[in-house]
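One structure is given below, encoded as structure tokens.
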Amino acid sequence: MAIVARHRPYVTAEATQSAINALLSQELERSNAAAQRRYTFLVRPFHESIIATMRRPMLTLWAAARRKEMALRSAIGASRARLVRQLLTESFLLSLAGGGLGVAIAYAAIAYLRRLEGISIPLLKNVEINTAALAVAAGVSVLTAVLFGLAPAMTAARGNPGETLKTGGRGSGEGGDPRRIRSALVVSEVALACLLLVCTGLLLRSFWHVLDLDLGFQADRMYALRIDTGPSIDSPDKFSAYMRQLMSAARDVPGVEAASITDNVPLDSLRSWGVRAQGQPPDQSIGAVIKMVGPGLMETMRTRVVAGREFTDHDDAGGAPVALINKTLAERLWPGQDPVLRTMVVNDADQVQVVGVVADVRHVNIEQAPVPEFYLSILQHRTMSPSLVVRAGRPFGDVAPALRRALNEIVSDLPTTGFRPLRRIVDRAMSPRRFFVELLIGFAGAALALAAIGIYGVISYSVARRTPEIGVRMALGASSGRIRASVVGDTLRLALTGAVVGIAAAVAVSSVLASLLFGVSRSDPWTYAIAAAVLLLVAIAAGAIPAVRASRISPMRALRAD
């Protein structure tokens, strides 16, 4: 049972917990509810209960000069302040245009995400771009313009117009600082791309491992319909008869391979009761997930029966109380022994005989290890809102009309349009990991594209500046292949430096990802190697165009260039 409450201002969660524990103890003693004394209340902030599973992934996700013109303008009277204003204005226009495009893409992306079905992200439908988000976007755009526009503007304004105008053409070279700044920016882009590629690779490999997990049941072609028993089903005999009618009607429909009843569909909801082996003291009870199920459920769900048998139609109110347990509970209660036909005590009161052991089913969380679990016959234990589950032998659209008619013959007002595919429930359980993997893929792709553009721009600019030098080398006998190798070498030096920095950064921050990884080490060498290889291939491709262009330079034209 969950209770939502608002405590008084300035009261801490610890104080609330203590007060509730005291109140619970008093009430239990007053009512002499000895069997209930193992229950406690756990106080959690409501905000924390919503975002607790999302904080770390979200944090994970927080984690992606025109010298001669300026000299000429200065020579004909432009002040340094005027030059700085001009370059800053250009930077602001570029930055704000990029920021505006980013906001437009964000609006489209959020609209798309809010329409997605099959995704279980808390409050995703309420996400919107508000004033604060727009202010942050505008602030980042302005800060970008200032940071990356002010340095070249000040450099251009400080230059000596006479010296700049007297220097030769493109081949005259330039100071070391601009080259170092451009190279440092490219290395930073490559490093960031490498970091995101490694993180994306680790999470992607984890997601593949999750997809390969054995859930303990087969979700494909499985559908569930919640049944409201209603006030007319007011006795155990009526309830048992009603359940038998539903299962029998569903099984007789052509195209339905199997059908049964459960009060909790896997990965949808759960509850736990205390259980212990007969003869063990009450304080050795352990919590186990409990489900009320009908005959043939294991066959319907394709859950393997490891030992004994599953429930039959004879396991009803007229028969002895029976139970099925999973392998994990069997190992906890009777380690190294055969649990079939042994007696188990439920809630320190009811005694049931174990008639079968079934494979572990991931009912709680796909990535969480299987927990102790047991099943009681729904024909012996009435429940309020069970679900009819069916396995279709052909497309459900072909089976559904006949199935609805068969069920409506039993209950005319049964809402038979609410069949839910179990595959959709499984997909929703996997959706948070898939969501963040897809986001990281997008971030890594954008960072990779920016790194490629940066490398291409720097190498192209370098080739243009070195045109006379390349012409001289070719006139002295340098081959086209050697020129291409020289340009590609410059590309690889930048890319390798960035890759080394990025891998070092990835190793440093991989501890943050540790709780998000599944079946893969945070230092997985294959992931790092593949990320570096992808980065280097993209760098070579980005540098290939300037390299080919450099190898086609005509020595005579290059030597005549101003």
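The values are calculated or read from the model by the stated rules, or taken from the named source; none is laboratory data. Note that this is a predicted model, so its numbers are computed, not measured. For neighbour counting, all protein chains shown are included, and Cβ atoms are generated from backbone atoms with ideal geometry for every residue, glycine included.
It is to be established whether one or more residues within region 453-465 are under 30 Å from Ile366 (Cα atoms), among the hydroxyl-bearing types (Ser, Thr, Tyr) and surrounded by fewer than 20 Cβ atoms within 10 Å (Cβ to Cβ). Within region 453-465, none of the residues are under 30 Å from Ile366 (Cα atoms), among the hydroxyl-bearing types (Ser, Thr, Tyr) and surrounded by fewer than 20 Cβ atoms within 10 Å (Cβ to Cβ). When you check Ala449 against the structure, is it in a helix (DSSP H, G or I), in contact with a Pro (Cβ under 7 Å, 6 or more places away or on another chain) and of a type in the set (A, V, I, L, M, F, W, C), yes or no? No, not satisfied. Within region 488-535, the set of residues being buried (at least 17 other Cβ atoms within 10 Å of the Cβ), within 15 Å of Cys194 (Cα to Cα) and in contact with a Gly (Cβ under 7 Å, 6 or more places away or on another chain) comprises Thr527, Ala531.
For (1) of a type in the set (Val, Ile, Thr); (2) assigned to a loop (DSSP other than H, G, I, E, B); (3) closer than 30 Å to Ser431 by Cβ; (4) modelled with pLDDT of 65 or more, each residue gets a yes or a no:
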residue	(1), (2), (3), (4)
Thr53	yes, no, yes, no
Met58	no, no, yes, no
Glu69	no, no, no, no
Ala108	no, no, yes, yes
Ile119	yes, yes, yes, yes
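Between Val361, Val355, Val322, the distinction of being among the β-branched types (Val, Ile, Thr), within 39 Å of the chain's Cα centre (by Cα) and in the same structural domain as Met247 (by TED's automatic domain parsing) belongs to Val361 only. Scanning region 301-330 for residues that are surrounded by 18 or more Cβ atoms within 10 Å (Cβ to Cβ) and within 20 Å of Ala241 (Cβ to Cβ) turns up Phe311, Asp315, Asp316, Val322. For region 355-382, a residue qualifies if it is buried (at least 18 other Cβ atoms within 10 Å of the Cβ) and among the polar types (S, T, N, Q), and the qualifying residues are Ser377, Gln380.
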